[in-house]
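The values are calculated or read from the model by the stated rules, or taken from the named source; none is laboratory data. Please read all numbers here as calculations on a predicted model, not as lab measurements. Cβ: placed from backbone, ideal geometry, glycine included. Neighbour counts: every protein chain shown.
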Amino acid sequence: MRQIIHVDQDCFYAAVELRERTDLVGKPVGIAGSSRRSVLTTCNYEARDFGCRSGMPVFKALQACPTLTLLPPRFEVYRAISSRIRAIMLGYTELVEPLSLDEAYLDVSEDSRSAFEIATEIRYRIREEISLPSSAGIAPNKMLAKIASDWNKPNGQFEIQPDEVKDFVRKLPVRKLWGVGPQTEKTLKEMGIASCSDLQRIPETELARRFGKFGVELRDLCRGKDERPVVPHRPPKSMSVERTFAEFVDNLETASGKVHELYSELMDDLRAKGKLPKVDGIFAKLKFSDFTVTTVSKAGIRPVMENYLSLVEEGFTRNDNPIRLIGLGVRLREESMIEAQLNFLEALGI
């Protein structure tokens, strides 16, 4: 039986900042740009009590919580701390699958100790060595472990034993299932389905008709079955940089200046990771003031400034509203089996 742990840092960016700003402990804090047109990257639980949440425009967050303290994000600091947390996890198993800077799966099935004991120790070390709170979920698979890590937040952990899975999932809202987003949830509600026990009564043929291949997966998920393995070192399919602007961008000249800045940042990241030869296409992402998003991409062309400017210009014409965010990125070519073997041998010094 697999033992999977999902470790999640509680309000990670805000928690990092509060380590140094102890005067703000217990007060509502959000991480965002200084402009009222910015959006919250995250916020602490005190702010969430007022209805604030990640992705909320700052002006709405301030309406909900006038006493909200806004701090600017420091992503380099967060990356460095995330690496330290990852190093702690790798001391217990090589099977660590990062999902983001602040959460990861661990497969500790080969360890003789219980997963609950290991999760407790990992959280203790994160608290003692890095002074940050974290939560953990333990279960026989990834989906349930991630659900469990939310159960006793903040700064707690929860375990779903194999013999508890059947009863646990029966009352679970379908929105908790892996892959079920707002649209799928809406469709399920229209079918009279709110919980996993409701979903279990629907024939597989009906789920397949409604949702295609995912319908077949839903049949297993609503019964607590998830066979996805923990996959360490997953190669990225793309790399990108993006920026939300304090002031809206309402003309191409200003947008071009932003593209130059982002392009330099993207090239630095690609060179640092040795990814330039593996680029297989490029894309630009634009988010407008009405929060609609458009992406323009081209396959098989080089990541040069002129090409990015062309993509952004095309995206600019798709919406009459000013721009609040621009992102630039590359699609990465997957390594062939031979390339992967050569890179592995090179890493070993062979």
Quiz prompt | Filtered residues of segment 275-296 (kept if of a type in the set (Phe, Trp, Tyr) and either part of a helix (DSSP H, G or I) or under 13 Å from Gly329 (Cβ atoms) (or both)) | solution = Phe283
Self-check item: Every residue from segment 297-317 that is without any contact (Cβ under 8 Å) to a residue 24 or more places away in the chain and assigned to a loop (DSSP other than H, G, I, E, B)
Solution: Gly300, Ile301, Arg302, Val304, Thr317
Self-check item: Single condition Asp320 does not satisfy, out of (1) part of a strand (DSSP E or B); (2) surrounded by fewer than 16 Cβ atoms within 10 Å (Cβ to Cβ)
Solution: (1)
Practice problem: Six or more apart or on different chains, Cβ under 8 Å: which pairs go from a residue in segment 37-54 that's under 17 Å from Leu18 (Cα atoms) and without any contact (Cβ under 8 Å) to a residue 40 or more places away in the chain to one that's surrounded by fewer than 17 Cβ atoms within 10 Å (Cβ to Cβ) and among the hydroxyl-bearing types (Ser, Thr, Tyr)? Could you list them? | Solution: Leu40/Ser54; Thr41/Ser54; Thr42/Ser54; Cys43/Ser54
Quiz item: Ala80 passes all but one of (1) more than 23 Å from Met239 (Cβ to Cβ); (2) outside any loop (DSSP other than H, G, I, E, B); which number fails?
Solution: (1)
Practice problem: May I ask you to verify whether Val230 is under 30 Å from Glu110 (Cβ atoms) and either touching a Lys or Arg at 6+ places or on another chain (Cβ under 9 Å) or not assigned by TED's automatic domain parsing to the domain that holds Val293 (or both)? | Solution: yes
Exercise. Report yes if some residue within segment 120-131 is out of contact with any Pro (no Cβ under 9 Å at 6 or more places or on another chain), assigned to a loop (DSSP other than H, G, I, E, B) and more than 22 Å from Ser83 (Cα to Cα); otherwise report no.
Key: no
Practice problem: Determine, yes or no, whether Leu199 is buried (at least 17 other Cβ atoms within 10 Å of the Cβ), aliphatic (A, V, I, L, M), over 23 Å from the mean Cα position of the chain (by Cα) and within 15 Å of Asp220 (Cβ to Cβ). | Solution: yes
Quiz item: Any chance segment 256-274 includes a residue that's within 24 Å of the chain's Cα centre (by Cα), in a loop (DSSP other than H, G, I, E, B) and surrounded by fewer than 17 Cβ atoms within 10 Å (Cβ to Cβ)?
Solution: yes
Exercise. Could you tell me whether segment 180-193 includes any residue that is modelled with pLDDT under 95, in a helix (DSSP H, G or I), of a type outside the set (D, E, K, R) and under 14 Å from Asp220 (Cβ atoms)?
Key: no
Exercise. Say whether the condition of being without any contact (Cβ under 8 Å) to a residue 12 or more places away in the chain and assigned to a helix (DSSP H, G or I) is met by at least one residue in segment 89-100.
Key: yes
